[in-house]
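**Q** Handing you a structure now.
Read the figures in this text as sums done on the coordinates, not as results from a lab. Model, not experiment: these values are computed from the prediction. Cβ coordinates were reconstructed from backbone atoms using ideal geometry, including for glycine residues, and neighbour counts include every protein chain displayed.
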Amino acid sequence: MTWLRRRTVEHSHANGSRKQGKARRPGAPVARSSRPRGGASGSARAGDVIGSGLSTSVGENHHAALGLHAREADAALVGADAVLSDGALVNKVGTRLLAFACERAGTPLYAATDRFKVASVATLPLEEKAPGEVWPDAPEGVGVRNIYFDRTEASLVAGYATDVGTLVPAAVGELSREHAAWAAWEARVRALLR
């Protein structure tokens, strides 16, 4: 099962298809549609998959169906907006629910990401967007929240498929410290150049 449309996920799925060859083709991914484009991302993802010779299905972003999809999948693959220093995943809202469904079903959840998305911190503010994207004409007195991201604990992530191989969440800390060292070095250089 592939959840969320990210360029890294597309490349990972395409590379996996080529490497596995005809002997064992990966299962048909489930592409989900999402706001604010109302399905455009799911249909675009499905078009990408069809081009690689695989079948696919598209569903509305109904979190109620996560348990069904998690039980049917061999593995779940999501994108990553950030990977925190403690190995936690920050990604589009719904990823944490998918991770819980996968844990319950015994299905491993992986995130495809570039190693440069590993942050040197263990927390990031989770962005909320304008309420008008959800309900433009909400009546007065109705609170509308438009949450874009959630945080998935490292214990729910089987691994991070990166451009240099797969990292288990426990190995993310070392890469995070390396990134922090590079950031400190860059700050010193910038200070010298002022």
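**Q** For the range 75-138, what's the relative contact order in percent, using C-alpha pairs closer than 8 Å and at least 6 residues apart?
**A** Numbers: 65 pairs, mean separation 26.7, N = 64.
Reported relative contact order: 42 percent.
**Q** Quick one: if you stick a label point 7 Å off each Cα along the C-beta vector at TYR148 and ASP86, how many nm between them?
**A** 2.4 nm
**Q** Kindly rank 112-122, 161-171, 176-186 from highest to lowest mean number of other beta carbons found within 10 Å of each residue.
**A** Working: 112-122: 17.6, 161-171: 14.6, 176-186: 12.9.
Per-residue Cβ counts within 10 Å, averaged per peptide and sorted highest first, yield 112-122, 161-171, 176-186.
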